[in-house]
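Each remark here refers to the structure printed beneath this line.
Where a number appears in this text, it was derived from the coordinates with a stated rule and is not lab data. The structure displayed is predicted, hence computed values, not measured ones. For neighbour counting, all protein chains shown are included, and Cβ atoms are generated from backbone atoms with ideal geometry for every residue, glycine included.
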Amino acid sequence: MYSYTMLVNKKNKLKKELDIDLVMVSKRYSLKDIYLERKCRNAFNLMASKAYGRGYYLIANSGYRSFKEQELEIKESIENEGEEYTDKYVAKVGVSEHHTGLAIDIKSGDTSPFIISREYLWLKKNAFKYGFVLRYPEGKEDITGYNFEPWHYRYVGKKVAKFITKNNMVLEEYIEKMEV
Ligand SMILES: [Zn+2]
């Protein structure tokens, strides 16, 4: 069932596409057509405009992806990077969080790696206030099944984002704790 805390990962695969209220991210904060679930999109637009007002330029680099788009991504990666790389770094169809419309890859206004950008540091401190969490942090690889991705954020809503961030958790841990 669709929810803001729904878990899509290597162990929780979507069997079919979700029915999502998708809307486009403001072109002020994206360089191409990027769609996100409506509340997630509104939260991102707000976060990006607040950041911009303080001198940080957040750009949406990837949002919702259909099964077909993920298939294409895999195909292109195999062609460009080879099968081994693709197996390791590109999510299979049905297990990418980008299928939910609640995941967003963010880049900064400059070309240096995101990890050393001012925007990354700003997000680290502020993303939770807008309902986002850093989804694949360093040190949680065994739990998330993904390498550290400083650019990948997940909308979970403000209350949950605050709880997860303050307790240094990831979504998997939050769900496990809440179900006990
Ligand atoms: Zn991503």
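Looking across the range 40-76, the residues that are acidic (Asp, Glu) and under 10 Å from Val93 (Cα atoms) come down to Glu69, Glu71, Glu73.
I'd like to check something: does the range 53-60 contain any residue that is of a type in the set (Gly, Ala, Ser), touching a residue at least 24 places away in the same chain (Cβ under 8 Å) and farther than 19 Å from Ala127 by Cβ? No. Taking the conditions exactly as written (free of Cβ contacts under 8 Å to residues at least 24 places away in the same chain, surrounded by 14 or more Cβ atoms within 10 Å (Cβ to Cβ) and among the β-branched types (Val, Ile, Thr)), does Val8 satisfy them or not? Against the criterion (free of Cβ contacts under 8 Å to residues at least 24 places away in the same chain, surrounded by 14 or more Cβ atoms within 10 Å (Cβ to Cβ) and among the β-branched types (Val, Ile, Thr)), Val8 does not qualify. When Met24 is tested against the conditions (1) touching a Leu at 6+ places or on another chain (Cβ under 7 Å); (2) away from the ligand (no atom under 16 Å from the Cβ), the lone failure is (1). Looking only at residues in the range 123-161 that are more than 16 Å from the chain's Cα centre (by Cα) and of a type outside the set (Val, Ile, Thr), the one that is surrounded by the fewest Cβ atoms within 10 Å (Cβ to Cβ) is Asp142.
For the range 68-91, the tally of residues that are farther than 27 Å from Arg28 by Cα and either within 13 Å of the ligand (Cβ to nearest atom) or touching a residue at least 40 places away in the same chain (Cβ under 8 Å) (or both) stands at 3.
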